[in-house]
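The values are calculated or read from the model by the stated rules, or taken from the named source; none is laboratory data. Model, not experiment: these values are computed from the prediction. In this analysis, Cβ positions are derived from the backbone assuming ideal geometry, glycine residues included, and neighbour counts consider all displayed protein chains. Calculation scope for accessible area: heavy atoms of the full protein, side chains included, ligands and nucleic acids excluded. Shrake-Rupley method; radii C 1.70, N 1.55, O 1.52, S 1.80 Å.
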Amino acid sequence: MNQALGRPAVVARVSDLIGGTPLLELCRTETGSRLLLKLEMFNPTGTAKIRMARAMVDAAEERDELRAGGRIIESTSGNTGLGLAVIAAERGYAFTAVVDHHAAADKLRAMKAMGTELVYVSDEDSEDLATAAREELAADMARGRENTTFTEQHNNPANGVGYFPVAHELHQALDGAIDVLIGAVGTGGGLCGTTRELRLLTPHFTTIGVEPKGSIAFGGPAHDYYQSGTGTPEGAEIGALVDYDLIDEGVKVGDVEAFATARAVARTGLLIGGSAGGVVHEALHRLPLLPPGSTMVALINDGGEKYLDTVFNDDWMNARALIDPAVEREIDEMLRKLRRN
């Protein structure tokens with residue numbers, strides 16, 4: 001076994017590499033409280049969402065909705081689609097991803113490389129997030145088709161089930177010593193699925209959900225945002241997996257702050273995605289306020305390599321007025337101070 005990741009040394013399928021992702025201590029306070037990052041980019045496709053992609057396909061097979069030679073259809077901003085592309089390729093299914101141009105271009109290229117059919121709901125010149133239109137088209141495409149499943153990630157219980165192993169990995173690695181779990185809220189499957197299972201193992205911890213400013217899961221006002229693969233935009237329904245009974249507090253982080261944090265973390269040697277930057281931004285501000293010796297775990301759903309043309313591209317950032325040097329300097333200084341402890 002690979003003791004660092006808890007995986008076999010030799011595997012037969014890409015999906016056998018799912019899970020066992022490492023924890024990285026990003027920083028700690030003078031009082032011994034630490035921020036640990038659960039680095040889900042160490043999954044195949046560089047994202048947590050392959051966990052739930054596999055679980056959704058497993059569930060469709062168990063319901064006999066999907067059989068040999070079948071087709072999977074999903075509305076996706078990229079990372080779920082990447083996971084489904086892997087599972088479809090392994091199991092011999094066709095996969096149609098309903099997408100828009102808000103998604104990172106590298107995610108779309110990678111899906112296509114793995115044999116995915118891409119169906120766009122928006123013009124090439126539009127960067128608008130078209131979640132509602134994607135969902136409607138995906139449902140229409142699957143309706144009445146034999147041996148075809150619309151995995152419908154926002155309302156599929158298997159989405160949350162796919163993240164149960166994250167809870168067990170955290171519990172095993174930390175021997176139950178978790179005081180705060182913080183993560184992004186999009187479909188709700190990752191944070192709520194992990195929380196649901198973890199509370200059976202470690203009941204006394206706080207869960208904090210983070211969404212972009214402009215998203216509506218934790219209230220308005222609604223407006224456009226650039227953080228990809230997270231939140232609930234205006235016009236889209238809040239997913240059935242967003243369980244407010246499992247989220248102790250919901251907060252919002254703006255694009256400028258989220259991207260500034262991702263860029264500052266990159267200067268420590270770690271590339272994380274834009275929405276993960278929002279999670280770390282909130283975590284960094286909360287860490288010094290925790291009781292001495294606390295452990296906060298941040299779920300880092302994907303790495304930054306898919307955002308080299310966006311979050312880490314000064315031209316793209318400046319064109320959208322997303323760079324604020326003062327905010328980046330603040331995060332840089334906060335990280336330097338906390339990493340010295």
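Only one residue of PHE312, ILE323, ALA266 has its Cα farthest out toward the positive end of the dipole of region 263-341, where Lys and Arg carry +1 and Asp and Glu -1 on Cβ, and that residue is ALA266.
The modelled label-to-label distance for the pair ALA12/GLU136, using points 7 Å beyond Cα in the direction of Cβ, is 4.5 nm. Projected label points at ASN318 and LEU200, each 7 Å from Cα along the beta carbon direction, are separated by 5.3 nanometres. Taking all protein chains as shown and a probe of 1.4 angstrom, TYR93 keeps an accessible surface of around 30 Å². Rolling a 1.4 angstrom probe over the protein heavy atoms, how many square angstrom per residue are accessible across region 270-316? On a per-residue basis, 33 Å². On the chain, 50 percent of the accessible area sits on carbon and sulfur atoms, based on a 1.4 Å probe.
Rolled with a 1.4 Å probe across the full set of protein chains, the surface gives VAL10 an accessible area near 130 Å². Annotation: peptides 44-56, 316-328, 176-188, ranked by per-residue average of other Cβ atoms within 10 Å with the highest first, follow the order 44-56, 176-188, 316-328. In whole angstrom, region 34-156 maps to an equivalent ellipsoid with semi-axes of 22, 20, 13, each derived as √(5λ) from the alpha carbon gyration tensor and ordered largest first.
Over the chain, the alpha carbon radius of gyration divided by the compact-protein estimate 2.2 N^0.38 Å works out to 0.95.
Starting from the Kirkwood Rh over alpha-carbon pairs, what translational D in µm² s⁻¹ does region 211-262 have by Stokes-Einstein at 37 °C and 0.692 mPa s? Reported coefficient: 285 µm²/s.
Potential lengthening of the chain between ILE238 and GLU333 amounts to 30.6 nm, from the contour at 0.36 nm per residue minus the alpha-carbon distance.
Every Cα-Cα pair in region 105-221 was counted, and those over 26 Å apart are 39% of them.
The alpha carbon centroids of region 271-339 and region 126-172 are separated by 27 Å. For region 49-115, the convex hull spanned by the alpha carbon atoms encloses 67 Å³ per residue. Around the Cα centre of the chain, unit charges on the Cβ atoms of Lys, Arg, Asp and Glu (plus for the first two, minus for the last two) sum to a dipole of about 1140 debye. Rounded to the nearest 20 debye, the dipole size of region 261-341 about its Cα centre is 400 debye, using +1 on the Cβ of Lys and Arg and -1 on the Cβ of Asp and Glu. Under 13 Å from the Cβ of ASN341, count the other residues' Cβ atoms, weight Lys and Arg +1, Asp and Glu -1, and hand me the total. Once all neighbours under 13 Å are counted, the net charge is +4.
Specify whether the C-alpha gyration tensor of region 189-288 places it in the rounded, prolate or oblate class, a ≥ b ≥ c being the square roots of the eigenvalues: rounded for a/c under 1.5, otherwise prolate if a/b is larger than b/c and oblate if not. Oblate shape, in that a/c is at least 1.5 and b/c is the bigger or equal ratio.
The Cβ shell under 12 Å around GLY277 holds other residues with a net charge of -4, Lys and Arg each +1, Asp and Glu each -1. Number of Lys-Lys pairs in the chain with C-alpha atoms under 26 Å apart and a separation of 8 or more places or on different chains: 19. Among the GluC sites (Glu not before Pro) in region 140-176, those located in a DSSP loop and surrounded by at most 13 other Cβ atoms within 10 Å of their own Cβ are GLU146.
Packing around the peptides 331-337, 11-17, taken as the average count of other Cβ atoms within 10 Å per residue, puts them in this order, highest first: 331-337, 11-17. Label zone (ASN341, point 7 Å along Cα-to-C-beta; backbone nitrogen cut-off 18 Å) within region 254-298: 265, 280-298.
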